Amino acid sequence: MVRRSSVEYFRGNGSDWLALTIQTTMVPTLAWATSVAPAWVPPTALVFPVIIGGLMLRPASLLVLYAGAATALIVEDAVLGTGPHSRGVSPGTVLVVGGVAFGGLMLAQFRRRVGVPWRRGGTMLFDLRERIRVQSRLPELGAGWHAEIGLRPAGGQLFSGDFVVATRSGDGRVLEAVLADVSGKGMDAGSRALLLSGAFGGLLGSLPPHQFLSAANGYLLRQNWEEGFATSAHLVLDLESGDYELLSAGHLPAMQLIAGTGRWEEKAADGMPLGIAADAEFHGVKGTLRTGDVLLLFTDGLVELPGRELGDGIDRLIGEADRYVAHGFRGAAYPLIEAVAKDTNDDRALLIICRE
C-alpha cells in the first residue's frame, strides 16, 4: 500500500500525505535544534521545509505546514526570549520566512491551475523539447546528397517558433521539407510551433505537394489564435534528377549556389502567410540542384535586424556561406547562425541542402 502510494505520488497522481508528514516533522525538529543551538541553527532555518513544501505540496497541505512553521516561530521566540542576553526571533526572521512561504503558496497555486505537478513539470517540458527536436530531423537522403538543420531559439530558450518537418516519399525518390516561422518568438511561440509541427508532419507526404500549404492554411485559420499567422517554405525535391519546386507562404526567398559559376541566385516564390485569408494562393518557383549546388532556406531572424535592410542581411549570410564553398557545407549550419546572428533576440533557423 505504501509502495503504491509512493509511486502514484511521484507520478503526480497520488496524495501528498507522505510529503506533508515529512515536512511537518522537520518543523519541530528544526525548532528544537534552534532552541538548543541557535548559533548553528538560526530561526531562519525554517525556510527549508517551507521551500520544499512549496515545491511538493498542494495549497491545502501547504497551509497546514505553514501553520506548523508559524507555531514553531512562536515557540522559538518564547524559548530564545528568556535569559539576560536573549533576543528572541527578530522581525526580519518573520519577514524572511513569511516571504518565502508566500512565494511557495503562489507557486503551488500556479501548479494547481495549470495541472502540472512539480514532479512531472520538468519532465514534461523536456519531453516537449525532445519531440520538437525529433520532428525536426531530416530523413537520410542517400549517396550524393547532404542536408542539415540549425535551430537557435530567441534568448537562449529551449523552445522556438521556427521549426522544420521533412519526409521522403514511399519510393524514396522525393524529399519534402517545410521550414516554418510562427509569429512571435521563444516560449511565446514555442507551444504553437509544437502544435503546428505535429499537424504539418501529419499533412506532409499525405497530400499532393500543391495541396499542402492550402491545407496548412486552413488548419491555422481554424485555430482562431489572436497572433495566429505563420510563414512557410515548402520544398519538393526529386533526389534522382535534382529538380525541385519551392512553394512559399509569405516566406523569405531561398538562395541557391550555382557551382558552375560560383554565384548565388535568389529563388523567390509567391504566396500569403498562413492563417491570414481562406482563399490564399501559393505559387512555386522551379529549379535544379546539380553536382556542387547548395540550397539555403532560412527564417527572418537570421537576416533581419532593426535598422538594417533585408538585402543587407542576406548578403551577409551569403558572404559567410562563401567561406564553406571550397571545403563543403557539412557541419556549417550552426556556425553560420553564430556568424551572422549570434546575439539576435529572435528565433533563427537554417536549412542547408547540398548535392555533393
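The values are calculated or read from the model by the stated rules, or taken from the named source; none is laboratory data. Keep in mind that this is a model prediction, so the values were computed, not measured. Methodologically, a virtual Cβ is constructed for each residue, glycine included, from the backbone with ideal geometry; neighbour enumeration extends over all protein chains shown. Keep in mind that these areas ignore ligands, DNA and RNA; they rest on the heavy atoms of the full protein, side chains included. Shrake-Rupley method; radii C 1.70, N 1.55, O 1.52, S 1.80 Å.
So what's the gap between the Cα centers of the stretch 186-233 and the stretch 311-356, to the nearest angstrom?
Here the two parts' Cα centres lie 25 Å apart.
Based solely on its DSSP helices, what 222 nm [θ] is calculated for the chain when runs of n ≥ 4 H residues each add -39,500 (n - 2.57) and the sum is averaged over all residues, nearest 500 deg cm²/dmol? Can you show the working numbers first?
Numbers: 10 runs with 157 residues, N = 356.
Counting only the DSSP helices, I get -14500 deg cm²/dmol.
Please find, in a Gaussian network model of the chain (springs between Cα atoms separated by less than 10 Å), the residue of Gly292, Gly260, Gly190 whose mean-square fluctuation is greatest.
Answer for the Gaussian network model of the chain: Gly260.
Take the solvent-accessible surface of the protein heavy atoms, probe 1.4 Å, and return the percent of it on the chain that carbon and sulfur atoms account for.
On the way: 10400 of 18030 Å².
Whole-percent figure for carbon plus sulfur exposure: 58.
Hey, can you find the accessible area per residue of the chain for me, probe 1.4 Å, expressed in square angstrom?
Details: 18030 Å² over 356 residues.
I get 51 Å² per residue for this part.
Once the Cβ-Cβ distance between Ala268 and Asn224 is put in as r, and R0 is 30 Å, what FRET efficiency do you end up with, to the nearest 0.05?
Working: r = 31 Å, r/R0 = 1.02.
Efficiency, from the Cβ-Cβ distance: 0.50.
Once both labels are modelled 7 Å past Cα along the beta-carbon direction, what's the Ala326-Ser169 spacing in nm?
The modelled label-to-label distance comes out at 3.9 nm.
Non-local amide H neighbours of Leu252 (under 5 Å, H modeled in plane, Pro and chain starts lacking H): which ones?
HN-HN under 5 Å from Leu252: empty list.
With a 1.4 Å probe and all protein chains in place, put Leu350, Leu63, Leu73 in order of accessible area, largest first.
Details: Leu350 0, Leu63 100, Leu73 20 Å².
The ordering from most to least exposed comes out as Leu63, Leu73, Leu350.
Compute the Cα gyration tensor for the stretch 207-315, then decide on rounded, prolate or oblate, letting a ≥ b ≥ c be the square roots of its eigenvalues: rounded whenever a/c is under 1.5, prolate when a/b is larger than b/c in the other cases, and oblate in all that remain.
Numbers: a/c = 3.03, a/b = 1.34, b/c = 2.26.
Oblate shape, in that a/c is at least 1.5 and b/c is the bigger or equal ratio.
On a 1.4 Å probe surface of the protein chains, which of Trp225, Trp145 comes out largest in accessible area, and what is the full order?
Accessible-area ranking of Trp225, Trp145, largest first: Trp225, Trp145.
Looking at the chain as a GNM with Cα springs under 10 Å, which of Gly103, Gly287, Gly184 has the largest mean-square fluctuation?
Of the options given, Gly103 has the highest mean-square fluctuation.
Where the Cα atoms of the chain are projected onto their three principal axes, how long is each span, largest first, in whole Å?
Computed over the chain, the largest-to-smallest principal extents equal 93, 42, 39 Å.
How do Val41, Val165 rank by accessible surface area computed with a 1.4 Å probe, from largest to smallest? The partial results should precede the final answer.
Values: Val41 35, Val165 5 Å².
In descending accessible area the options line up as Val41, Val165.
Compute the Cα gyration tensor for the stretch 293-351, then decide on rounded, prolate or oblate, letting a ≥ b ≥ c be the square roots of its eigenvalues: rounded whenever a/c is under 1.5, prolate when a/b is larger than b/c in the other cases, and oblate in all that remain. Don't skip to the answer; put the middle values down first.
Values: a/c = 2.03, a/b = 1.63, b/c = 1.24.
Because a/c hits 1.5 or more and a/b exceeds b/c, the stretch 293-351 counts as prolate.
Rounded if a/c is under 1.5, else prolate if a/b is larger than b/c, else oblate: which is the stretch 222-269, with a ≥ b ≥ c the root eigenvalues of its Cα gyration tensor?
oblate
When only C-alpha pairs under 8 Å and at least 6 residues apart count, what is the relative contact order of the chain, in percent?
14
Calculate, in nm to one decimal, what Leu195 and Leu55 gain on full extension: separation in residues at 0.36 nm each, minus their alpha carbon distance.
Contour length minus the Cα-Cα distance gives 47.5 nm.
Under 15 Å from the Cβ of Gly172, count the other residues' Cβ atoms, weight Lys and Arg +1, Asp and Glu -1, and hand me the total.
Result for the local shell: -3.
If I model a spin label at Trp32 and Asp315 as a point 7 Å from the Cα along the Cα→Cβ vector, what separation in nanometres do I get?
In this crude label model, Trp32 to Asp315 measures out at 7.7 nm.
Contour minus end-to-end for Ile258 and Asp343, with contour as 0.36 nm per residue of separation and end-to-end as the Cα-Cα distance?
Details: separation 85, 0.36 × 85 = 30.60 nm, distance 3.02 nm.
The Ile258-Asp343 span can extend by a further 27.6 nm.
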